[in-house]
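Novice: Just passing along the structure, written as structure tokens.
Each reported figure results from applying straightforward, stated rules to the coordinates on display, with no laboratory input. Everything quoted here is computed from the prediction, not taken from an experiment. When we count neighbours, we look across all protein chains shown, and the Cβ atoms used for this are built from the backbone with ideal geometry, even at glycine.
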Amino acid sequence: MEPLIRVWKKQSDPLAHVYEVEGGQRYCTAYGAWDISEYEFWKELRW
């Protein structure tokens, strides 16, 4: 599994997050279609 790089969160849904892994692939915890513009950048994990 690729290392986790960045995390976004959605203000209106505290359980919805977008996770970006090394290589640029993004995964979302929300069901159905999602739009990254609805999410606020929260944390960068690369150091």
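Novice: Are there GluC sites (Glu not before Pro) in the chain that DSSP puts in a loop and that have at most 15 other Cβ atoms within 10 Å, and which ones?
Specialist: Values: sites: 20, 22, 38, 40, 44; in loops: 22.
Answer by residue number: 22.
Novice: State the label only: which of (i) 10.4, 32; (ii) 12.2, 33; (iii) 11.3, 36 corresponds to Rg and Dmax of the Cα atoms in Å computed from the shown model?
Specialist: Answer by label: (i).
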